[in-house]
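Below you'll find the structure, written out as structure tokens, and then a few comments.
The values are calculated or read from the model by the stated rules, or taken from the named source; none is laboratory data. Just so it is clear, the structure is predicted and the values come from calculations on it, not from any experiment. When we count neighbours, we look across all protein chains shown, and the Cβ atoms used for this are built from the backbone with ideal geometry, even at glycine. Ligands, DNA and RNA are excluded from the accessible area calculation, which covers all protein heavy atoms including side chains. Shrake-Rupley method; radii C 1.70, N 1.55, O 1.52, S 1.80 Å.
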Amino acid sequence: MSIADELGADTNIVVYRKDPPDEATLRDIIAKLEDPATELVRRDSLFKKLGLTDADVETVDQIVQTILDNKMIMQRPLLVTADKAI
């Protein structure tokens, strides 16, 4: 956040554990991503524990549902502006 502060950018920190994104928000984020949407899903121990494979998170619908079902699997941190998400 110090870089944002240095640049004088207004920020709004969302603690996803307390306020996870809903379906519309996830779809909006995905639409703004420069990278492939599947990169929004963390490939960590939870991914393995849930028995997920890359085939399970290929489409936007699959990605959205996976994150809605398991908020901890969303890649973070995530920076979202009016027209981009990284």
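One residue stands out among those in segment 26-46 that are open to solvent by 70 Å² or more (accessible area, probe 1.4 Å) and among the small types (Gly, Ala, Ser): the one that is nearest to the chain's Cα centre (by Cα), which is 31.
Total residues in segment 53-77 satisfying the condition of being in contact with a helix residue (DSSP H, G or I) (Cβ under 7 Å, 6 or more places away or on another chain), farther than 16 Å from residue 24 by Cβ and of a type in the set (A, V, I, L, M): the figure is 3. Restricting the search to helices (runs of 4 or more DSSP H) fully inside segment 1-82 and requiring at least 2 residues that are of a type in the set (A, V, I, L, M) gives 2-7, 23-32, 60-69.
Within segment 47-86, the residues that satisfy the criterion of being open to solvent by 40 Å² or more (accessible area, probe 1.4 Å), among the aliphatic types (A, V, I, L, M) and under 24 Å from residue 13 (Cα atoms) are 68, 72, 78, 79, 80, 82, 86. If we scan segment 14-25, do we find a residue that is free of Cβ contacts under 8 Å to residues at least 60 places away in the same chain, of a type in the set (Phe, Trp, Tyr) and open to solvent by less than 60 Å² (accessible area, probe 1.4 Å)? No, that holds for no residue.
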